[in-house]
Amino acid sequence: MMSTSEAPKIERPPRSLSSPTLGLRLLSLDFGRQIRARKTLTLVAIQLLPVVIAAVFVIWRDVDGMNLFRNTIEHVYIPLLLPLAALFFGGPTIVNEIEGRTITYLTLRPLSRATLFLAKLASSISVALVATLLPVLALFGVCMIGSGDPLGDSLPMLGAALGAVAVGAITYTAIFAFLGVLFSATLLLGIVYFVVVELVFAAIPIIELLSVKFHLRTIAGFTSSDRAGFLDRLILEEPLNFEWWFGVLIAGLMASFAIIVSTLVFRQRQFHV
């Protein structure tokens with residue numbers, strides 16, 4: 001008779017990983033791939049161009065560093081460089097897989113389509129955040145050299161700028177990914193959206209509320225009175241101005257809508273490659 005101590009041990013089969021764990025692994029792998037990509041290095045170099053130009057001004061000309069920082073964020077990063085980075089990271093979230101004929105293999109992985117899409121999107125957003133926030137920090141450091149203001153006095157401006165850029169990177173990337181899933185177009189629809197909504201609509205009083213740029217300006221503390229033009233004076237007695245939290249709220253709703261709808265569309269869509 002076999003004793004209890006001598007009873008054969010039954011090996012349990014390896015426990016399968018949960019869907020969230022697989023999603024985090026996919027996010028990590030995709031983030032590593034994107035952060036090392038040549039496209040990312042090129043975009044970071046473009047994002048750093050204002051830093052180089054600011055350094056030239058600080059070294060060779062007598063400028064107000066904080067005024068230079070504010071103007072660069074308001075007129076270069078928020079309206080141009082931030083949407084550019086989000087377009088190149090958000091648009092290809094799924095479209096690249098379709099064009100590369102790898103979407104079928106991705107959807108065969110042992111995780112839900114929703115988790116797959118959200119992991120890919122989170123990776124794109126993370127890379128967009130890195131590619132946009134680090135240059136802003138570098139710009140601030142360069143501009144501080146040409147500023148006589150104490151660091152403590154300039155930190156609120158830096159915090160507002162970083163907040164606006166971070167919210168913009170998340171919102172724009174989600175919107176461009178949404179357009180990519182909906183129309184399977186990496187750049188074209190994103191460019192059309194940028195021109196129509198972020199350039200044309202953003203210049204029209206009241207309708208400007210539909211643009212992400214308006215709300216990023218609100219978060220950064222750039223009031224509409226700073227840019228009041230003919231249409232503002234013609235239609236409104238005073239340009240629209242809101243508190244920073246209103247900009248965060250509306251941009252958050254825009255990003256949430258884009259993420260939820262694109263996830264639902266991706267779950268139902270049939271891909272043929």
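Derivation of every value follows stated rules applied to the coordinates shown; laboratory data play no part. Everything numeric here is computed off the predicted structure, so don't read it as measured data. With ideal geometry, Cβ positions are generated from the backbone for all residues, glycine too; neighbour counts draw on all protein chains shown.
Net charge near Cys143: determine it from the other residues with C-beta under 12 Å of the C-beta of Cys143, scoring Lys and Arg +1 and Asp and Glu -1. Before the final figure, lay out each step's value.
On the way: positive: Arg70; negative: Asp64, Asp149.
Once all neighbours under 12 Å are counted, the net charge is -1.
Viscosity 1.306 mPa s, temperature 10 °C: give me the Stokes-Einstein translational D for region 20-268 in µm²/s, with Rh taken as the Kirkwood radius over C-alpha pairs.
Result for D is 83 µm²/s.
About the Cα centre of region 20-268, how large is the charge dipole given +1 on each Lys and Arg Cβ and -1 on each Asp and Glu Cβ? Please answer in debye to the nearest 20. Write down the numbers at each step before the final one.
On the way: 16 positive and 15 negative charges, 265 e Å.
For region 20-268, the charge dipole is close to 1280 debye.
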